[in-house]
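Read through the structure below, which is laid out as structure tokens, and then see the notes.
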Ligand code: KG4
Ligand code: ZN
């Protein structure tokens, strides 16, 4: 039997993104970003994002169908990010998906953005679904998850107590005058910097923290330490600050992710979300996982940041597992918890 073709729609933040997969094969991945319209505000402005989604939706769907050499009637199922995210932005995607599903008479799956980030890995690594620890690091979330069956439920082991990892990158980039979004900019200049130049703090890694909250993160102390250092050091070297900051984030993310693997006996680690595009995180993860005998799965950098392929991927896994589609009309849920994979 031919594998089902699933179209995925993602509009939780500032990317209007459409992905099309056949089974686990990626056929199209179109991303229209409104990031330039937000840059001068130093962060995403919800109203601007919603309007940009409205404008970009139909052209992006048409473009994706063209890339995949398909027409709308070839689509077997539709998946859409139902949350978490900006409510006005999510609504544009949910409305478009509901309209398509109704018009085409196809099943509709409302899925979780965070689970979708993790599930995109299955487009890259085709081996069977098995329990994995997932380190999910994005602009809005940083969590350690245990994933036994991504189509069913996810268990949260820990999360950040303050800023998300990507948020910390964005804030430090602002202090260093590197623009928005900050992650890619820090990644770039850190390559020329000395990561050992400044010994910035690793949050929640005292022996008491390892006892009480082994899988939680905190980046606010690090953020303050970097800001103080910059203030106190008028002739600081920007690339060294960026590299040392990045090292502190990446080090602590991996320390906790590998501890989760070790303590649960799970030997597979998936790293997902926008920060998983970070080159230092990718290199250090490969090194540490190899010495710990853990299979590392990180999607290609272009599939780490928000995209539609990840939504289509989760939809496709739902179809394959025989999960029921989301029934009736449904609302976007801006606070959808990570444990709920679908609506
Ligand atoms: O997953 P994502 O695209 O959107 C959310 O769901 O939040 O993640 C965006 C975040 C931003 O904070 C951005 O600065 C960060 O991911 N990011 C990076 C890199 N590329 C994107 N952080 C560090 N290094 C990168 N190369
Ligand atoms: Zn995301």
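The values are calculated or read from the model by the stated rules, or taken from the named source; none is laboratory data. Keep in mind the model is a prediction, meaning the values are calculated, not measured. Positions of Cβ are generated from backbone atoms using ideal geometry, with glycine treated the same way; all protein chains shown enter the neighbour counts.
Points worth noting:
- Residue within the stretch 171-187 that is part of a strand (DSSP E or B), within 16 Å of ligand 1 (Cβ to nearest atom) and under 16 Å from the mean Cα position of the chain (by Cα) present: no
- Qualifying residue in the stretch 76-86 (condition: farther than 14 Å from residue 269 by Cα, in contact with a strand residue (DSSP E or B) (Cβ under 7 Å, 6 or more places away or on another chain) and surrounded by fewer than 21 Cβ atoms within 10 Å (Cβ to Cβ)): yes
- Residue in the stretch 182-193 that is within 15 Å of ligand 2 (Cβ to nearest atom) and touching a strand residue (DSSP E or B) at 6+ places or on another chain (Cβ under 9 Å) present: no
- Hey, residue 275 within 30 Å of residue 19 (Cα to Cα), touching a residue at least 40 places away in the same chain (Cβ under 8 Å) and within 8 Å of ligand 1 (Cβ to nearest atom) or not: yes
- In the stretch 11-54, the residues that are closer than 22 Å to residue 333 by Cα and in a helix (DSSP H, G or I): 46, 47, 48, 49, 50, 51, 52, 53, 54
- Inside the stretch 272-315, residues that are within 13 Å of ligand 2 (Cβ to nearest atom) and in a strand (DSSP E or B) make up a count of 1.
- For the stretch 27-40, the criterion of being at pLDDT 95 or above, farther than 25 Å from residue 141 by Cα and touching a helix residue (DSSP H, G or I) at 6+ places or on another chain (Cβ under 7 Å) is satisfied by at least one residue.
- Any hit, the stretch 118-132, residues being surrounded by 23 or more Cβ atoms within 10 Å (Cβ to Cβ), within 15 Å of ligand 1 (Cβ to nearest atom), assigned to a helix (DSSP H, G or I) and at pLDDT 95 or above: yes
- The numbered conditions (1) touching a residue at least 40 places away in the same chain (Cβ under 8 Å); (2) more than 16 Å from ligand 2 (Cβ to nearest atom) are all true for residue 169 except (2).
- On the stretch given as the stretch 1-31, residues that are more than 17 Å from residue 86 (Cα to Cα) and within 16 Å of ligand 2 (Cβ to nearest atom) total 5.
- Taking the listed residues 70, 91, the one that is touching a strand residue (DSSP E or B) at 6+ places or on another chain (Cβ under 9 Å) and either touching a residue at least 60 places away in the same chain (Cβ under 8 Å) or crowded, with 17+ Cβ neighbours inside 10 Å (or both) is 70, with no other qualifying.
- Candidates are the residues of the stretch 278-310 that are in contact with a strand residue (DSSP E or B) (Cβ under 6 Å, 6 or more places away or on another chain) and within 11 Å of ligand 1 (Cβ to nearest atom); the one that is nearest to residue 86 (Cα to Cα) is 306.
- Which numbered condition residue 259 misses (of (1) surrounded by fewer than 20 Cβ atoms within 10 Å (Cβ to Cβ); (2) more than 16 Å from ligand 1 (Cβ to nearest atom); (3) touching a residue at least 12 places away in the same chain (Cβ under 8 Å); (4) outside any helix (DSSP H, G or I)): (4)
- Qualifying residue in the stretch 33-52 (condition: free of Cβ contacts under 8 Å to residues at least 40 places away in the same chain, touching a strand residue (DSSP E or B) at 6+ places or on another chain (Cβ under 9 Å) and closer than 18 Å to residue 116 by Cβ): yes
- Taking the criterion of being part of a helix (DSSP H, G or I), crowded, with 16+ Cβ neighbours inside 10 Å and in contact with a helix residue (DSSP H, G or I) (Cβ under 7 Å, 6 or more places away or on another chain), the residues of the stretch 211-228 that qualify are 222, 223, 226.
- Verdict on residue 201 being over 14 Å from residue 240 (Cβ atoms), surrounded by fewer than 20 Cβ atoms within 10 Å (Cβ to Cβ) and within 15 Å of ligand 2 (Cβ to nearest atom): no
- Any hit, the stretch 229-249, residues being touching a residue at least 12 places away in the same chain (Cβ under 8 Å), under 30 Å from residue 131 (Cα atoms) and in contact with a strand residue (DSSP E or B) (Cβ under 7 Å, 6 or more places away or on another chain): no
- Qualifying residue in the stretch 61-72 (condition: part of a helix (DSSP H, G or I) and under 20 Å from the mean Cα position of the chain (by Cα)): no
- Looking across 136, 114, 145, one residue alone is assigned to a strand (DSSP E or B) and near ligand 1 (Cβ under 10 Å from one of its atoms). It is 136.
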